[in-house]
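The values are calculated or read from the model by the stated rules, or taken from the named source; none is laboratory data. Bear in mind the structure is a predicted one, so any value in this text is a computation, not a measurement. No Cβ is skipped: glycine too gets one built from the backbone with ideal geometry, and neighbour counts run over all protein chains shown. Side chains included, ligands, DNA and RNA excluded: accessible areas come from the protein's heavy atoms. Shrake-Rupley method; radii C 1.70, N 1.55, O 1.52, S 1.80 Å.
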Amino acid sequence: MNKNIMELYKIAQKKTRKIIGLMSGTSLDGLDIALCAISGAGKNAAVKILEFETIKYTEDIKNEIRKVFAQKTIDFQHFALLNEWIGILHANMVNDCLQKWNIPAHEVDLIASHGQTVLHAPKFLHQQEKFPNATLQIGDGDHIAVKTGIITLSDFRQKHVAAGGEGAPLAVYGDYLLFSKKGENRIMLNMGGIANFTYLPASLNAEDVFVTDTGTANTLIDIYTQHYFPEKSYDKDAAIAQSGTVNQTLLSELKNDAFFQKSFPKSIGQELFNFEFVQKALLKTNLKNISATDLLATLTRLSAETIAEAIQFVVKDTGFYIKDFKVYMSGGGTNNPLLVKWLTELLPCEFQKSDDLGILSDAKEAVLFAVLANETVAGGDYNFGTNKGIPSVTMGKISFPD
């Protein structure tokens, strides 16, 4: 047997595996690095975060990614170079963390790398009949494996697309395995650049699990904060939005987009929710001179209302009332007090953070990709049914260090 296959076999037999989860989202904030100890697999999986760090992207890194991010026309050579560069960059960040944590690479079993999303194009968005759903993440897994000396799983979203999904959201798999609780209906709400949630039924029945994107969470707020206040990367503590007033005319126009009328489940990205998306609405409503504070208040309200309405819509189909649910939040949106305030007003149920379930909200997505890698190597025994955009598949391409 090839030595690499033998090593993978040994890892699969371990009672506990040390897996590094890597996540870099559409907000381009940086790379989340979570070193996890994962015992068991499937519904018996248990996760402990051993170390966690977010390494911020420099403006140079962000600018290089923005040259291709959500763009229809790009410099193809730059794109090819960027794929390799991001892989090396992420590998170096992992190596730096391991050195800081005083952990030798040979003690880590696997790396689970989400990569950097540069395009998300579900068929309803690209509308080209002969082409399927598509999504693309860069940061080559082979480079990460070679530079770190650790077996690396990457490119998780392609199997999801190949099996009939849109490549997102993938949080559902880890949410179901880690956070389902008999007797408690849960909504696992993640608010990154885009908002998504997983419904976990009190029955624990995998076929009743549901997941969808809802639309923008932080994306539009961040874009327009940076537009009006170039020295700021986001509206910290909603300080700008809280000094503004929601413009109901603009809010109605933004919510009138066809995406919000599209049936669930669905997925989306900055290919739709971008600078131009808001500019079109401002032009249509003759509000080009709206103040920055009022615009940011309106965009924050847009996120709150579309998240709440999506959750309410799905709850109606469960036979329960919203008061029968607990919402567990994660992602950068949990740090936006205005967004959270409005959500709690719109959804009369109990709100907590994923921290209350033992997983840091900032680390949750990186941890969930570590769980996906664990399932690919040692588990994968679950069935989500056939009709909700949740293919019952294992995901991730495997790269060996040599």
Does residue 23 meet the test of being among the aliphatic types (A, V, I, L, M) and surrounded by fewer than 13 Cβ atoms within 10 Å (Cβ to Cβ)?
no
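This table checks each residue for (1) surrounded by fewer than 16 Cβ atoms within 10 Å (Cβ to Cβ); (2) under 28 Å from residue 180 (Cβ atoms).
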site	(1), (2)
28	no, no
55	no, no
70	no, no
74	yes, no
90	no, no
122	no, yes
128	yes, no
138	no, no
Exactly one of (1) assigned to a loop (DSSP other than H, G, I, E, B); (2) at pLDDT 95 or above is unmet by residue 32. Its number?
(1)
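Counting only residues that are at pLDDT 95 or above and either more than 30 Å from residue 142 (Cα to Cα) or among the hydroxyl-bearing types (Ser, Thr, Tyr) (or both), give me the strands (runs of 3 or more DSSP E) lying completely in segment 307-402 with at least 3 of them.
Values: elements: 325-330, 350-353, 397-399.
Answer list for segment 307-402: 325-330, 350-353.
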Checking residue 160 against (1) under 29 Å from residue 49 (Cβ atoms); (2) of a type outside the set (A, V, I, L, M, F, W, C); (3) surrounded by fewer than 20 Cβ atoms within 10 Å (Cβ to Cβ): exactly one of these is not met. Which one?
(3)
More than 14 Å from the chain's Cα centre (by Cα), within 16 Å of residue 191 (Cβ to Cβ) and open to solvent by 60 Å² or more (accessible area, probe 1.4 Å): which single residue out of 360, 343, 338 fits that description?
360
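Residues are listed down the side, and each one gets a yes or a no for (1) over 19 Å from residue 212 (Cα atoms); (2) of a type in the set (D, E, K, R); (3) crowded, with 18+ Cβ neighbours inside 10 Å; (4) under 27 Å from the mean Cα position of the chain (by Cα):
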site	(1), (2), (3), (4)
248	yes, no, no, no
257	no, yes, no, yes
284	yes, yes, no, no
289	yes, no, no, no
316	no, yes, no, yes
